[in-house]
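Written out below as structure tokens is the structure these notes cover.
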Amino acid sequence: MGFDTSGLLPLSDALQGMLEQLACCCDTEQLPLPEALGRILADDIASPLSVPPFDNSAMDGYAVRLADLAAGTPLIMAGKAFAGQPYQGEWPAGHCVRIMTGAPVPAGTDAVVMQEETRADGERITFLCQPVPGQNIRRAGSDMAKGACVLGAGTRLTPREMPLLASLGIATVSVRRPLRVAIFSTGDELKPVGTPLAHGDIYDSNRYGVKAMLARLGCDCLDLGILPDNPDLLRAAFIRADQEADVLITTGGVSVGEADFTKQLLDELGEIGFWKLAIKPGKPFAFGRLPHAWFFGLPGNPVSAMVTFDQLVQPALAKLAGQRFERPLQLQAVAAEPLKKSPGRLDFQRGILCQGPSGLEVRSTGSQDSAVFSSLSRANCYIVLERERGRVAAGETVTVEPFGGLLL
Ligand code: AMP
Ligand code: MG
């Protein structure tokens, strides 16, 4: 892989190196539509029918034939068409049909004239404007044509897809089973929330962040808790995770020197690469495979753990889960204040993006130390500063990446 002279691996190389090795590992299952929310489609969906299924009115008004209007005299109302109750009577010359939104247009209709453009005198309807052919008619198949691919395999079903599938009459969908992800935190200093802290202890925060992100991604999480820096306990946990999950994600213990146990064990159990990434925060990162499961070792520093998960692990999990992954949107904004930066790593600084008087403006959330968790919580975007860039002056243009669904 493309390590440079600094020995640091660029993010794009790390991502490409991982994605090349990964393939979807989740079988397919059939689920009733309401239970499929958040799941990933296993197959393309071709529309089994045309939507709308018939030509219908986009307005409350009158269905007319242009030939009848040519005389310039009022038309007589022949009857009424409602949504769900088509007009089935005769339609003699010189007549129009009262029609409501969604009702099928009677055969022969050239246009629908909205009610506001007419004057009614009992059954005699005067048309105040000349309609254009086809006006206010929603044509059969104009939204989705029968047989057309409306959703591709790999699409995650969100509230936006549910009504679309329902409109096609699809009651059961073929989706991927959720990816099973085991997680644990490592460190003698870590205590779970709800217990007192002794001197030198801190609360394990990473597991709560990782778990929350896995929930957003629709993964099934096997939470193995906190593991002390003890090789026998760690070995047992690695083995259990490998047997029960598709993926193991750990935090802590991957930085050089301090990581000896983890590194030794992973060398013993699988093939894991320990990388120093050219990004900030998040330098130490481990990736590889155990006998059955993929392994991602995130840095212990809380902000680094969140950022490496978001930027690297998320696309990898998407691939394993069979999900089509789209890179997040990046925008240009003006730095409203100077930003500290030294060349050498790609920075994901935490920023607050807002609409200024003349466009998008971004500010820093303050200290960008990877142990300062409040910097992430107050942010709504990353300020992505190119690797070779140095300090940014106020007024310079910078790239920002608004937080996506994972962090919202
Ligand atoms: P490590 O990567 O294990 O060297 O940890 C780096 C820093 O992150 C240390 O200050 C750890 O105490 C801290 N840390 C590691 N794991 C966690 C965790 N699960 N929650 C909060 N802080 C952690
Ligand atoms: Mg540690």
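Can you tell me how many residues within segment 38-47 are more than 28 Å from residue 102 (Cα to Cα) and loosely packed, with under 15 Cβ neighbours inside 10 Å?
Taking segment 38-47 as the starting set, the residues that turn out to be more than 28 Å from residue 102 (Cα to Cα) are 38-44.
Going one step further and asking which of them are loosely packed, with under 15 Cβ neighbours inside 10 Å, we end up with 43-44.
Count: 2.
Which strands (runs of 3 or more DSSP E) does segment 1-82 wholly contain that include 3 or more residues that are in contact (Cβ under 8 Å) with a residue 60 or more places away in the chain and more than 21 Å from the chain's Cα centre (by Cα)?
Values: elements: 28-32, 61-64, 75-81.
Answer list for segment 1-82: 28-32, 61-64.
Within segment 313-332, is even one residue part of a strand (DSSP E or B) and either more than 15 Å from ligand 1 (Cβ to nearest atom) or out of contact with any Lys or Arg (no Cβ under 9 Å at 6 or more places or on another chain) (or both)? Full working, then the answer.
In the first step, residues of segment 313-332 are kept if they are part of a strand (DSSP E or B); the result is 331-332.
Keeping just the survivors that are either more than 15 Å from ligand 1 (Cβ to nearest atom) or out of contact with any Lys or Arg (no Cβ under 9 Å at 6 or more places or on another chain) (or both) gives 331-332.
Looking for residues that are part of a strand (DSSP E or B) and either more than 15 Å from ligand 1 (Cβ to nearest atom) or out of contact with any Lys or Arg (no Cβ under 9 Å at 6 or more places or on another chain) (or both), one finds at least one in segment 313-332, hence yes.
Mind listing whichever residues of segment 287-302 are touching a Lys or Arg at 6+ places or on another chain (Cβ under 8 Å) and at pLDDT 95 or above? Spell out how you get there, then give the answer.
Taking segment 287-302 as the starting set, the residues that turn out to be touching a Lys or Arg at 6+ places or on another chain (Cβ under 8 Å) are 295, 299.
Within segment 287-302, 295 is the sole residue that qualifies.
Conditions tested, residue by residue: (1) among the polar types (S, T, N, Q); (2) under 30 Å from residue 47 (Cβ atoms).
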{"site": "82", "(1), (2)": "no, yes"}
{"site": "101", "(1), (2)": "yes, yes"}
{"site": "104", "(1), (2)": "no, yes"}
{"site": "110", "(1), (2)": "no, yes"}
{"site": "116", "(1), (2)": "no, no"}
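What pairs come up if the first residue lies in segment 323-337 and is within 16 Å of residue 399 (Cβ to Cβ), the second is hydrophobic (A, V, I, L, M, F, W, C) and exposed (fewer than 14 other Cβ atoms within 10 Å of the Cβ), and their beta carbons are under 8 Å apart, counting only those six or more places apart or on different chains?
335/393; 335/394; 336/394
Within segment 7-27, how many residues turn out to be surrounded by 14 or more Cβ atoms within 10 Å (Cβ to Cβ) and within 23 Å of residue 318 (Cα to Cα)? Break it down stepwise before answering.
Looking only at segment 7-27, we keep the residues that are surrounded by 14 or more Cβ atoms within 10 Å (Cβ to Cβ), and these are 8-11, 13-15, 17-19, 22, 24-26.
Remaining after also requiring within 23 Å of residue 318 (Cα to Cα): 9-11, 13-15, 17-19, 22, 24-26.
Number of matching residues: 13.
Within segment 308-339, which residues are touching a Ser or Thr at 6+ places or on another chain (Cβ under 6 Å) and surrounded by 18 or more Cβ atoms within 10 Å (Cβ to Cβ)?
Hit for segment 308-339 is 339, nothing else.
So how many residues does segment 212-233 have that are surrounded by fewer than 16 Cβ atoms within 10 Å (Cβ to Cβ) and within 11 Å of ligand 1 (Cβ to nearest atom)?
We begin by selecting, within segment 212-233, every residue surrounded by fewer than 16 Cβ atoms within 10 Å (Cβ to Cβ); these are 212, 215-216, 220, 223, 225, 228, 230-233.
Then drop every residue that is not within 11 Å of ligand 1 (Cβ to nearest atom), which leaves 225.
So the count comes out to 1.
Just a yes or no: is a residue in segment 81-88 within 12 Å of residue 61 (Cβ to Cβ) and touching a Pro at 6+ places or on another chain (Cβ under 9 Å)? Let's see the steps before the verdict.
Here is the first cut: in segment 81-88, the residues within 12 Å of residue 61 (Cβ to Cβ) are 81.
Checking which are touching a Pro at 6+ places or on another chain (Cβ under 9 Å) leaves us with 81.
Yes, the conditions are met somewhere in segment 81-88.
Find the residue count for segment 311-324, including only residues that are of a type outside the set (A, V, I, L, M) and over 18 Å from residue 13 (Cβ atoms). So that I can check it myself, show each step before the final result.
Step one: filter segment 311-324 for residues of a type outside the set (A, V, I, L, M), giving 311, 314-315, 319, 322-324.
From what's left, over 18 Å from residue 13 (Cβ atoms): 322-324.
Final tally of qualifying residues: 3.
Please verify whether segment 39-54 includes one or more residues that are among the hydroxyl-bearing types (Ser, Thr, Tyr), within 28 Å of residue 220 (Cα to Cα) and modelled with pLDDT of 95 or more. Write out each step before concluding.
First, pick out the residues of segment 39-54 that are among the hydroxyl-bearing types (Ser, Thr, Tyr): 47, 50.
Those still in the list that are within 28 Å of residue 220 (Cα to Cα) too: none.
The answer is no; no qualifying residue exists.
Which members of segment 173-209 meet the condition of being touching a residue at least 40 places away in the same chain (Cβ under 8 Å), outside any strand (DSSP E or B) and within 15 Å of ligand 1 (Cβ to nearest atom)?
Filtering segment 173-209 down to residues touching a residue at least 40 places away in the same chain (Cβ under 8 Å) leaves 173-188, 190, 205-207, 209.
Restricting the remaining residues to those that are outside any strand (DSSP E or B) gives 177-179, 187-188, 205-207, 209.
Within segment 173-209, 187, 188, 205, 206, 207, 209 qualify.
Report, by residue number, each residue of segment 255-307 that is buried (at least 20 other Cβ atoms within 10 Å of the Cβ), among the small types (Gly, Ala, Ser) and away from ligand 1 (no atom under 15 Å from the Cβ).
Matches in segment 255-307: 278, 293.
Take the residues in segment 234-254 that are outside any helix (DSSP H, G or I) and either farther than 24 Å from residue 193 by Cα or not small (Gly, Ala, Ser) (or both), then tell me which one is farthest from ligand 1 (Cβ to nearest atom).
Quick first cut of segment 234-254, residues outside any helix (DSSP H, G or I) only: 245-254.
From what's left, either farther than 24 Å from residue 193 by Cα or not small (Gly, Ala, Ser) (or both): 245-251, 254.
Details: 245: 19, 246: 22, 247: 18, 248: 15, 249: 12, 250: 9, 251: 5, 254: 6 Å.
Checking each candidate, the answer is 246.
Can you tell me which residue is nearest to residue 142 (Cα to Cα) among those in segment 178-196 that are more than 16 Å from ligand 2 (Cβ to nearest atom) and out of contact with any helix residue (DSSP H, G or I) (no Cβ under 9 Å at 6 or more places or on another chain)?
194
Residues to consider are 305, 278; find the one that is touching a Gly at 6+ places or on another chain (Cβ under 8 Å) and either without any contact (Cβ under 8 Å) to a residue 40 or more places away in the chain or within 14 Å of ligand 2 (Cβ to nearest atom) (or both). Break it down stepwise before answering.
On the way: 278 fails: either without any contact (Cβ under 8 Å) to a residue 40 or more places away in the chain or within 14 Å of ligand 2 (Cβ to nearest atom) (or both).
Every option except 305 fails the conditions.
What residue, among those in segment 48-107 that are among the basic types (Lys, Arg) and buried (at least 18 other Cβ atoms within 10 Å of the Cβ), is nearest to residue 130 (Cα to Cα)? Quick ask: steps written out before the conclusion?
Initial filter on segment 48-107 (among the basic types (Lys, Arg)): 65, 80, 98.
Still in the running and buried (at least 18 other Cβ atoms within 10 Å of the Cβ): 65, 98.
Numbers: 65: 11, 98: 17 Å.
Across segment 48-107, the extreme among qualifying residues is 65.
Given the residues 172, 158, which is the only one that is surrounded by fewer than 15 Cβ atoms within 10 Å (Cβ to Cβ), modelled with pLDDT of 95 or more and in contact with a strand residue (DSSP E or B) (Cβ under 9 Å, 6 or more places away or on another chain)?
Values: 158 fails: in contact with a strand residue (DSSP E or B) (Cβ under 9 Å, 6 or more places away or on another chain).
Of the residues listed, the single one that is surrounded by fewer than 15 Cβ atoms within 10 Å (Cβ to Cβ), modelled with pLDDT of 95 or more and in contact with a strand residue (DSSP E or B) (Cβ under 9 Å, 6 or more places away or on another chain) is 172.
The values are calculated or read from the model by the stated rules, or taken from the named source; none is laboratory data. Everything quoted here is computed from the prediction, not taken from an experiment. No Cβ is skipped: glycine too gets one built from the backbone with ideal geometry, and neighbour counts run over all protein chains shown.
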